[in-house]
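A.B. asks: Have a look at this one before I ask anything.
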């Protein structure tokens, strides 16, 4: 009986199932930095009690602080960039730049720069390799001249300006102006618009918008004079010209403005909801509106428009952003201290914006 009981209580190690291998204490800071950087995880996640319960004892004992993780990420990035610089300068073929702007969860605008090249494998086959060069925080309006200057700094930092044969990006208006500015730098292998490769998915999306435009309902854009929340109106109030963005090379649409649009990392402007894709008939089991209702579909649209204007002001005005963050801290709002943008080409962005509005509601009431 005792023998049978002993057999049923065998350990996992006895069955050949081993746990985590030996972890070197000196490797813990680097592993933590990579864990945070790969998935853009917050540094505070490392010190959360619920997370620490599943960590290896060696990791717990040598867990770095949030400041140490931030420093280690910068050190790793610098080391990788030094390696990339040597690799790219030894590369004999063509190099193509990929550029795109995005907004981090905590509200910072980032320009990502990637290099594409053909790399020969040991088997003799060629594979396309994407190498992330740098991520630069944007501190000004995203016009073409500023983007071109930022890209120039990154390219010259790696000393690869003589190898750049083309640029890949979406075909927003500020990217068109950016290409014109880069052409003036007279890089040997970059001739301007003919070497500008426009994103196929972006072009396809614009074509679909152009086709659906006649079938939607349209409303007038709000003028800057009527809405003090709209800042930088010289750029934001430009018409979204879909035709001008999907024409073939060499063709120019009639009356297309060459003014640079600020923050054109999306197809449509966040505050320009020109087409209403959702109508009342699309909502099943909806309740009928009555005269005494305090909140109606019309007032809902007005609220959403105000939310978009608030998000836009926070994005373009650094002073307003700093004041807003200060108020959020004073009011004890949850992080991040930012309002998500509502962009037509981002899935569920309206819902994300509403969640951020609720999160920072107390600060918004005082800030506005």
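The values are calculated or read from the model by the stated rules, or taken from the named source; none is laboratory data. Since the model is a prediction, treat every value here as computed from it, not as a measurement. When we count neighbours, we look across all protein chains shown, and the Cβ atoms used for this are built from the backbone with ideal geometry, even at glycine.
A.B. asks: Scanning for something buried (at least 17 other Cβ atoms within 10 Å of the Cβ), within 25 Å of the chain's Cα centre (by Cα), modelled with pLDDT under 90 and more than 30 Å from residue 27 (Cβ to Cβ), does the range 154-162 turn up at least one residue?
C.D. replies: Taking every residue of the range 154-162 in turn, none turns out to be buried (at least 17 other Cβ atoms within 10 Å of the Cβ), within 25 Å of the chain's Cα centre (by Cα), modelled with pLDDT under 90 and more than 30 Å from residue 27 (Cβ to Cβ).
A.B. asks: Right, here's the next one. Quick test for you: out of 134, 109, pick the one residue that is in contact with a helix residue (DSSP H, G or I) (Cβ under 6 Å, 6 or more places away or on another chain), assigned by TED's automatic domain parsing to the domain that holds residue 189 and surrounded by 15 or more Cβ atoms within 10 Å (Cβ to Cβ). First the steps, then the outcome.
C.D. replies: On the way: 109 fails: in contact with a helix residue (DSSP H, G or I) (Cβ under 6 Å, 6 or more places away or on another chain).
One residue alone meets the criteria, 134.
A.B. asks: A further question follows. Any idea which residue in the range 26-41 is farthest from residue 60 (Cα to Cα), counting only those that are in contact with a helix residue (DSSP H, G or I) (Cβ under 9 Å, 6 or more places away or on another chain) and either without any contact (Cβ under 8 Å) to a residue 24 or more places away in the chain or not assigned by TED's automatic domain parsing to the domain that holds residue 64 (or both)? So that I can check it myself, show each step before the final result.
C.D. replies: If we filter the range 26-41 for residues that are in contact with a helix residue (DSSP H, G or I) (Cβ under 9 Å, 6 or more places away or on another chain), which is where we start, we get 28-37, 41.
From what is left, the residues that are either without any contact (Cβ under 8 Å) to a residue 24 or more places away in the chain or not assigned by TED's automatic domain parsing to the domain that holds residue 64 (or both) are 35, 41.
Working: 35: 15, 41: 18 Å.
Among those that are in contact with a helix residue (DSSP H, G or I) (Cβ under 9 Å, 6 or more places away or on another chain) and either without any contact (Cβ under 8 Å) to a residue 24 or more places away in the chain or not assigned by TED's automatic domain parsing to the domain that holds residue 64 (or both), it is 41.
A.B. asks: Mind listing just one residue for me: the one in the range 318-356 that is outside any helix (DSSP H, G or I) and out of contact with any helix residue (DSSP H, G or I) (no Cβ under 9 Å at 6 or more places or on another chain) and, of those, modelled with the highest pLDDT?
C.D. replies: Our first condition is that a residue be outside any helix (DSSP H, G or I); within the range 318-356, this holds for 332-348.
Narrowing further to those that are out of contact with any helix residue (DSSP H, G or I) (no Cβ under 9 Å at 6 or more places or on another chain): 347-348.
Working: 347: 72, 348: 80.
This residue is 348.
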